[in-house]
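Engineer: For reference, the structure I am asking about is given below.
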Amino acid sequence: MRRYVAAAGMAGWPVLSEPHGNARYGDHAMSAHHFLLGAPEFTEGHRPEVVVTLGRPSLSRTLLGWLGQAAEHIVVTGDLTRWPDPTRSATQVAQAVEIPVAAGDDAWLRSWRRADAAARDAVDEVLDGAGFSEPRLARDLAEALPNGSLLFSGSSMPIRDLDQAMRPRRGLRIMANRGAAGIDGVVSSAIGAALAHNGPAYALLGDLTFLHDQNGLILGPREPRPDLCLVVVNNDGGGIFSLLPQAALREPFERVFGTAHGVDLAHVAAATGTPYTFVDDAGQLPKALRGEGIRIVEARTEREPNAALHAAMREAAHAAIRGAV
């Protein structure tokens with residue numbers, strides 16, 4: 001991956017990396033690509049001749065839709081018998097590809113960077129003015145962790161909030177279970193990853209994901225214990241569905257999709273003897289993250305305001321992009 005990021009830099013190509021792709025760093029990383037590719041004013045003037053993908057993109061519908069606009073879509077994979085191509089738009093599958101070095105004009109890259117910076121500033125302004133929120137928590141967490149840290153992300157909203165709000169940075173390794181994109185065994189997966197990681201580890205999980213595998217906190221007395229801080233976003237249910245059309249169904253929605261649980265996470269922590277901290281302000285996060293061993297930080301939010309905030313982020317970003325192009 002590092003080789004291709006470096007090659008993209010020499011070619012003057014923008015790099016669009018999902019958080020767990022671990023390529024969101026450097027001057028060529030577009031951290032607001034989710035919003036850029038959802039703005040027709042931008043995409044109409046930025047239809048790529050060639051796109052090279054590594055891994056399986058899966059988070060952003062705007063990115064998936066944009067892939068199909070490329071005249072040539074090269075998928076790089078180690079296995080030529082099976083490759084990731086969720087949009088069925090690959091024109092070539094290869095084990096390696098040579099990216100040409102840029103020759104002079106960097107107007108293409110500059111136009112990406114200008115629009116990306118405008119969108120990122122607009123989104124940050126919305127987040128900074130909205131108080132404590134899920135995407136701000138994701139942004140601030142990714143920024144606050146020390147170099148050499150591991151961040152294990154849950155599926156659903158945590159990984160998407162990182163995708164939309166995380167600024168480019170080095171020194172942070174991000175992992176996620178994106179195969180079935182479900183909630184099975186994520187606490188246990190985070191513990192396993194933390195045990196294998198040589199450094200401090202953190203996890204960003206939703207409440208349903210955490211509760212679904214809360215027994216992962218029960219470790220035998222002779223088992224190794226990781227240095228892992230579990231940051232749990234508790235919006236009392238399935239927050240991602242509040243951003244989808246079924247949210248308009250109201251009462252049936254809450255029972256079938258919202259799935260409120262009403263569980264006191266402090267009691268869950270107490271039942272397993274796990275240290276617990278509650279935060280409801282962004283300024284409390286750095287102190288709450290400190291500690292050793294397995295520990296829980298709960299951040300409580302509300303689903304409907306979160307949906308409204310995501311809409312505000314999108315509107316502000318698109319307005320900024322229109323101004324930039």
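The values are calculated or read from the model by the stated rules, or taken from the named source; none is laboratory data. Bear in mind the structure is a predicted one, so any value in this text is a computation, not a measurement. Backbone-built Cβ (ideal geometry, glycine too); neighbour counts: all protein chains shown. Just the protein is used for accessible areas: all its heavy atoms, side chains included, with ligands, DNA and RNA removed. Shrake-Rupley method; radii C 1.70, N 1.55, O 1.52, S 1.80 Å.
Engineer: Which value, in debye to the nearest 20, gives the size of the charge dipole of the chain about its Cα centre, when Lys and Arg are +1 and Asp and Glu are -1 at the Cβ?
Structural biologist: Using only the charged Cβ atoms, the result is roughly 620 debye.
Engineer: Across 5 Å bins from 0, what is the distribution of all Cα-Cα pair distances for region 97-183, in whole percents?
Structural biologist: Reading the bins upward from 0: 3, 12, 17, 18, 16, 16, 11, 6, 2, 0.
Engineer: Could you look at region 286-325 and say what percent of its accessible area is carbon and sulfur, using a 1.4 Å probe and all protein chains?
Structural biologist: Percent of accessible area from carbon and sulfur atoms in region 286-325: 48.
Engineer: If you take the Cα atoms of region 1-155, find Rg, then find the Kirkwood Rh from the mean of 1/r over all pairs, what is Rg/Rh?
Structural biologist: With Rg and the Kirkwood Rh in hand, the quotient comes to 0.96.
Engineer: Moving on. Place +1 on the Cβ of every Lys and Arg and -1 on the Cβ of every Asp and Glu in the chain, take the dipole about the Cα centre, and give the residue among ALA190, ALA122, GLY154 whose Cα lies farthest towards its positive end.
Structural biologist: It is ALA190, whose Cα lies furthest towards the positive end.
Engineer: What is the helix-to-structure angle for 303-324, meaning the angle in degrees between its Cα long axis and the longest Cα principal axis of the chain, kept from 0 to 90 and rounded to the nearest 10?
Structural biologist: 20 degrees
Engineer: Based on a Kirkwood Rh over C-alpha pairs, give the Stokes-Einstein translational diffusion coefficient of region 234-323 at 10 °C and viscosity 1.306 mPa s in µm²/s.
Structural biologist: In µm²/s, the coefficient is 102.
Engineer: Related question: Leaving ligands, DNA and RNA out of it, report the carbon-plus-sulfur percent of the accessible area of region 156-195 at a 1.4 Å probe.
Structural biologist: Looking at region 156-195 in its full context, I get 50 percent from C and S.
Engineer: Follow-up question, since we're still on this one. Placing +1 at every Lys and Arg Cβ and -1 at every Asp and Glu Cβ, with all other atoms neutral, what dipole size does region 118-189 have around its Cα centre, in debye to the nearest 20?
Structural biologist: The calculated dipole for region 118-189 is roughly 340 debye.
Engineer: Once phi is turned into θ = phi - 60°, what whole-Hz ³J(HN,Hα) does the Karplus curve with 6.51, -1.76 and 1.60 give for every residue of region 117-127, x standing for Gly and Pro?
Structural biologist: Listing the rounded values in order: 5, 5, 5, 4, 4, 5, 5, 4, 5, 5, 5 Hz.
Engineer: Rolling a 1.4 Å sphere over the protein heavy atoms, what is the accessible area per residue of region 5-53, to the nearest Å²?
Structural biologist: About 35 Å² of surface per residue is accessible.
Engineer: While we're here: Nearest 20 debye, what's the magnitude of the dipole of region 218-262 about its Cα centre given +1 on Lys and Arg Cβ and -1 on Asp and Glu Cβ?
Structural biologist: For this selection, approximately 80 debye.
Engineer: Could you sort 143-154, 271-282 so that the peptide with the highest average Cβ count within 10 Å comes first and the rest follow in order?
Structural biologist: Most protected by this proxy first, the peptides run 143-154, 271-282.
Engineer: For region 100-166, what is the accessible area per residue in Å² when the probe is 1.4 Å?
Structural biologist: 37 Å²
Engineer: Quick one: work out Rg over Rh on the C-alpha atoms of region 200-280, Rh as Kirkwood radius.
Structural biologist: 1.06
Engineer: Given contacts defined as C-alpha pairs under 8 Å and at least six residues apart, what's the relative contact order of the chain, whole-number percent?
Structural biologist: 19 percent
Engineer: Give a quick list of GluC sites (Glu not before Pro) in region 16-98 that DSSP marks as loop, anything other than H, G, I, E or B, with at most 15 other Cβ atoms within 10 Å.
Structural biologist: Filter output for region 16-98: GLU44, GLU49, GLU98.
Engineer: Rounded to the nearest 0.05, what FRET efficiency is calculated for VAL256 and ASN215 with R0 set to 22 Å and r the Cβ-Cβ distance?
Structural biologist: So the FRET efficiency works out to roughly 0.30.
Engineer: Is region 1-80 rounded, prolate or oblate when judged by the Cα gyration tensor, a ≥ b ≥ c being the square roots of its eigenvalues, rounded requiring a/c under 1.5 and prolate requiring a/b larger than b/c?
Structural biologist: Rounded is the answer for region 1-80, as its axis ratio a/c remains below 1.5.
Engineer: Further question: When the Cα centres of region 253-325 and region 166-222 are compared, how far apart do they sit, in Å?
Structural biologist: Here the answer is 16 Å between Cα centres.
Engineer: With every protein chain kept in place and ligands, DNA and RNA left out, what is the accessible area per residue of region 195-325? Probe 1.4 Å, answer in Å².
Structural biologist: 52 Å²
Engineer: Could I ask something else about it? Quantify how much of the Cα-Cα distance distribution of the chain extends past 36 Å, in percent.
Structural biologist: That fraction is 21 percent.
Engineer: Let me ask something else about it. Once you sort the root eigenvalues of the Cα gyration tensor of region 175-225 as a ≥ b ≥ c, which label holds: rounded (a/c under 1.5), prolate (a/b larger than b/c) or oblate (the other case)?
Structural biologist: oblate
Engineer: Take peptides 13-20, 312-319, 63-70 and line them up by average Cβ neighbours within 10 Å, highest first, as a rough protection proxy.
Structural biologist: 13-20, 312-319, 63-70
Engineer: Pick out, in residue order, every one of the GluC sites (Glu not before Pro) in region 268-313 that is DSSP loop and has at most 12 other C-beta atoms within 10 Å; say none if there are none.
Structural biologist: GLU292
Engineer: What part of the accessible area of region 1-134, given as a whole %, is carbon or sulfur when the probe is 1.4 angstrom?
Structural biologist: On region 1-134, the fraction of accessible area on carbon and sulfur atoms equals 49 percent.
Engineer: Of all trypsin sites (Lys or Arg not before Pro) in region 43-94, which ones are in loop regions per DSSP and have a Cβ with at most 12 other Cβ atoms within 10 Å?
Structural biologist: ARG82, ARG88
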